[in-house]
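Since the structure comes first, as structure tokens, the remarks are kept for the end.
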Protein chains: 2
Amino acid sequence: MIIDCHGHYTTAPKALEEWRNRQIAGISDPGAKPRVDSLVITDDELRESIEKNQLRLMMERGSDLTIFSPRASFMAHHIGDFQVSSTWAAICNELCFRVSQLFPEHFVPAAMLPQSPGVDPATCIPELVKCVEQYGNVGINLNPDPSGGHWSSPPLTDRQWYPIYEKMVEYDIPAMVHVSTSCNACFHTTGAHYLNADTTAFMQCLSGDLFKDFPTLKFIIPHGGGAVPYHWGRFRGLAQELKKPLLKDHLLHNIFFDTCVYHQPGIDLLTKVIPVDNILFASEMIGAVRGIDPETGHYYDDTRRYIEASSIVVGDDRHKVYEANARRVYPRLDAALKAKGK
Amino acid sequence: MIIDCHGHYTTAPKALEEWRNRQIAGISDPGAKPRVDSLVITDDELRESIEKNQLRLMMERGSDLTIFSPRASFMAHHIGDFQVSSTWAAICNELCFRVSQLFPEHFVPAAMLPQSPGVDPATCIPELVKCVEQYGNVGINLNPDPSGGHWSSPPLTDRQWYPIYEKMVEYDIPAMVHVSTSCNACFHTTGAHYLNADTTAFMQCLSGDLFKDFPTLKFIIPHGGGAVPYHWGRFRGLAQELKKPLLKDHLLHNIFFDTCVYHQPGIDLLTKVIPVDNILFASEMIGAVRGIDPETGHYYDDTRRYIEASSIVVGDDRHKVYEANARRVYPRLDAALKAKGK
């Protein structure tokens with residue numbers, strides 16, 4: 001089985017975006033604020049949006065199951081207050097849940113949280129609980145910068161985040177550390193902010209001792225870990241300067257990288273440098289880079305091709321990257337699959 | 001000849017740091033403000049600080065010439081106002097100039113600028129002019145984020161930066177795009193902020209059309225280009241989405257990467273992905289990562305070893321990376337060397 005641990009509902013029916021625009025207009029003009037029940041998206045619309053897009057490409061590319069969360073760039077936690085984020089997260093999470101019900105063989109949901117800059121992360125817990133207990137979510141997306149590029153929250157090692165970690169440990173769910181749209185003109189969202197956040201999150205963990213407090217806490221750093229594997233020597237050296245243990249002992253029981261790296265040399269670097277047990281297959285399609293690479297004639301984000309062409313990830317290692325690691329990092333996914341005899 | 005295009009005066013005599021601390025104290029307590037002439041560093045002290053450190057390692061490692069600029073993390077443009085930065089830049093640039101006079105075969109200076117958050121970059125021009133005309137500087141360090149991790153300046157493509165670019169073009173000097181200390185708790189200076197800035201600067205150039213306005217402007221992106229070469233497929237794909245030309249046409253006449261990547265697989269990725277004409281040898285020693293890699297028994301930042309061990313950079317390509325590219329990107333360095341018959 002091939003599990004893609006990084007998919008977002010980037011193809012939701014237009015009505016969702018229109019509702020969101022009305023919600024945003026309602027922040028400055030309360031009279032324009034839309035009711036939640038004014039958003040009506042039918043099962044047929046959901047089915048069509050998936051069958052024509054993600055599911056079609058999964059079939060073409062040969063992946064079986066996607067861990068599916070709301071569109072990352074649409075989380076936009078910096079917009080409005082907690083109530084705005086809370087309503088928006090509930091709507092988006094419900095849609096991913098409905099997709100998982102319509103296509104139970106192919107989609108398993110992961111939740112966005114109703115984060116809001118300057119608001120205690122503990123306020124996210126009711127939504128998290130609902131998503132795990134009622135919607136069967138197997139993971140969450142945690143935004144280390146709900147300000148959208150101003151980085152006004154404390155690092156992930158700060159105790160303000162601990163209530164979320166306590167709940168993650170209790171449920172045994174991992175977090176993908178994933179920012180949203182940048183509203184800072186310096187940072188292009190998918191070309192700078194996403195990758196910077198990946199590097200930043202890793203370095204926050206490296207500088208701290210978070211996993212001493214939470215030995216079973218698990219983070220997936222997306223986009224191949226940002227700059228981290230490319231600079232693995234630098235990070236090993238920095239850990240040494242900071243008198244931390246070797247990275248394999250300090251971080252690699254808890255931190256995992258996905259394979260959203262959109263060319264063969266990048267995947268080869270990732271798989272050469274990072275232990276295979278820490279790499280989870282992912283494509284983030286249909287996402288930041290939707291085109292066809294003129295150098296290969298294939299989609300940039302068809303990451304399975306890079307794994308298939310790898311001379312590093314072979315034999316049982318390929319099974320680990322495609323399936324076994326995801327089942328280990330997402331125990332609730334593993335349990336759900338086992339319950340179906342898979 | 002082996003030219004290291006990325007060296008900072010990280011080993012300056014302690015008196016420099018002590019003077020800076022007094023300068024910082026003087027911001028809130030004007031009575032404590034030190035006079036510039038209260039800082040006295042003798043030629044013998046300069047010689048010792050270099051001979052025991054950078055020059056010793058250059059001899060051991062076999063590099064001949066370092067493009068030498070003030071310590072990056074000490075620039076700290078976020079501290080104080082323009083006057084504070086201006087005084088501090090003048091002192092630091094003078095020291096690098098003196099080092100270049102004491103060791104003319106081994107050090108050529110590059111300037112820091114007296115940038116200050118919210119202050120027009122054009123105010124940096126007198127210092128730049130002095131450094132080029134009187135001190136023989138062959139390049140500058142340009143900080144895209146003088147706020148130190150708050151990213152409150154506009155992107156490098158913004159017209160506010162154009163006065164600096166006009167002067168760079170006039171003098172035919174390149175800029176290394178290099179941030180300084182992070183005062184944002186989210187960003188570790190050398191483990192996150194530096195790499196993020198590299199990625200950010202590249203993506204700013206990718207999104208814009210700066211090099212249409214300045215076809216001969218040249219940037220060196222340090223630290224191996226941050227996350228860029230590792231995600232070269234992503235950036236090629238993003239350029240495509242943004243309807244930009246191929247990266248080789250859009251950016252690679254103007255953007256160059258150094259080799260400050262501290263492990264063999266990283267250097268191999270860099271040299272495989274980026275055209276050899278765009279790679280300049282550098283080590284940034286004695287810098288962020290000063291230790292010995294237990295996996296190799298050699299210094300992490302002894303980047304010459306990685307080039308020597310490369311099966312990608314061979315023959316004439318090695319000469320390009322070590323010398324010819326630097327002479328092309330820094331024409332004033334080339335002219336100075338030629339004047340000496342080199």
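Averaged over peptide B:182-190, the number of partner chain Cβ atoms lying within 10 Å of each residue's Cβ comes to 6. 3J(HN,Hα) couplings calculated from phi for segment B:129-138 with the Karplus curve 6.51 cos²θ - 1.76 cosθ + 1.60 (θ = phi - 60°) are, in sequence order, 4, 4, 5, 6, 6, 9, 9, x, 5, 9 Hz; Gly and Pro show x. The alpha-carbon atoms of segment B:9-91, seen along their principal axes, cover 47, 24, 15 angstrom, with the largest extent given first.
Set the Cα radius of gyration of chain B against 2.2 N^0.38 Å, with N its number of residues, and you get 0.95. Peptide A:262-274 is shielded by partner chain Cβ atoms: per residue, an average of 5 of them sit within 10 Å of its Cβ.
Calculated accessible area for chain A comes out at 35 Å² per residue, all protein chains present (probe 1.4 Å; ligands, DNA, RNA ignored). Residues whose amide H comes within less than 5 Å of that of B:Lys218, counting only those at least five positions distant or on another chain, are B:Ala175 (H built at 1.01 Å from N in the peptide plane). May I ask you to work out the translational diffusion coefficient for segment A:214-265 at 25 °C, viscosity 0.890 mPa s, via Stokes-Einstein with Rh from the Kirkwood sum over Cα pairs, reported in whole µm²/s? Using the Kirkwood radius from Cα pairs, D works out to 204 µm²/s. The Rg/Rh ratio of segment A:67-208, with both radii computed over alpha carbons and Rh defined as the Kirkwood radius, is 0.95. Calculated on the Cα set of segment A:44-112, radius of gyration then Dmax: 13.3, 41 Å. The calculated P(r) of the protein assembly as shown, using every Cα pair and 20 Å bins from 0, goes 18, 51, 26, 4, 0 in percent. Amide H to amide H distances under 5 Å link A:Asp293 with A:His298, A:Tyr299, A:Tyr300, where only residues 5 or more positions off or on other chains count and H is placed in the peptide plane. Rounded to whole numbers, the Karplus 3J(HN,Hα) couplings from phi for segment B:291-303 are x, 9, 6, x, 7, 10, x, 10, 4, 3, 8, 7, 6 Hz, using 6.51 cos²θ - 1.76 cosθ + 1.60 with θ = phi - 60°, and x at Gly and Pro. When B:Asp213, A:Asp198 are compared by accessible surface with a 1.4 Å probe, the order from highest to lowest is B:Asp213, A:Asp198. On the principal axes of its alpha carbon atoms, segment A:1-140 extends 46, 30, 23 Å, with the longest extent given first.
For segment B:231-247, a decrease in accessible area of 50 Å² or greater in the assembled protein chains relative to the isolated chain, with a 1.4 Å probe, applies to B:His231, B:Arg234, B:Arg236, B:Leu238, B:Gln240, B:Glu241.
Ignoring ligands, DNA and RNA, please state the percent of accessible area on chain A from carbon and sulfur, probe 1.4 Å. About 52 percent, which is the carbon plus sulfur part of the accessible surface. Across segment A:83-92, computed HN-Hα scalar couplings (Karplus, 6.51 cos²θ - 1.76 cosθ + 1.60, θ = phi - 60°) run 5, 4, 5, 5, 5, 5, 5, 4, 5, 5 Hz from first to last residue, x flagging Gly and Pro.
Expressed per residue, the C-alpha convex hull volume of segment B:226-319 stands at 103 Å³. In this simple spin-label model, placing a label point 7 Å from the Cα along the Cα-to-Cβ direction at both B:Ala309 and A:Arg290 gives a separation of 4.3 nm.
Put simply, the amide H of B:Asn184, placed in the peptide plane, has no neighbours under 5 Å, leaving out anything fewer than 5 places away on its chain.
Net charge dipole, segment B:210-342: roughly 580 debye, given to the nearest 20, about the Cα centre with Cβ charges of +1 for Lys and Arg and -1 for Asp and Glu.
Evaluate 2.2 N^0.38 Å with N set to the residue count of segment B:269-342, then give the Cα radius of gyration divided by it. Display every interim value, and only then the final one.
Details: Rg = 14.2 Å, N = 74, 2.2 N^0.38 = 11.3 Å.
Output field value: 1.26.
Highest mobility in the GNM of chain A, judged by mean-square fluctuation with C-alpha springs under 10 Å and restricted to A:Pro294, A:Pro13, A:Pro146, is found for A:Pro294.
What fraction, in whole percent, of alpha-carbon pairs in segment B:120-203 exceed 19 Å separation?
Working: 1382 of 3486 pairs.
More than 19 Å apart: 40 percent of the Cα pairs in segment B:120-203.
I need the shape label for segment B:160-227. Rule: rounded when a/c is under 1.5, else prolate if a/b > b/c, else oblate, with a, b, c from the alpha carbon gyration tensor. Judged from the Cα gyration tensor, segment B:160-227 comes out prolate (a/c at least 1.5, a/b above b/c).
Estimate for me the total accessible surface buried between chains A and B (protein heavy atoms, probe 1.4 Å, no ligands or nucleic acids), in Å² to the nearest 100. Buried area (both sides, nearest 100 Å²): 4600 Å². All Cα-Cα separations within segment A:147-264 were binned at 10 Å from zero, giving a P(r) of 13, 44, 36, 8, each value a whole percent of the pairs.
The values are calculated or read from the model by the stated rules, or taken from the named source; none is laboratory data. Just so it is clear, the model here is predicted, and its values are computed rather than measured. Cβ coordinates were reconstructed from backbone atoms using ideal geometry, including for glycine residues, and neighbour counts include every protein chain displayed. Heavy atoms of the whole protein, side chains included, go into the accessibility calculation; ligands, DNA and RNA do not. Shrake-Rupley method; radii C 1.70, N 1.55, O 1.52, S 1.80 Å.
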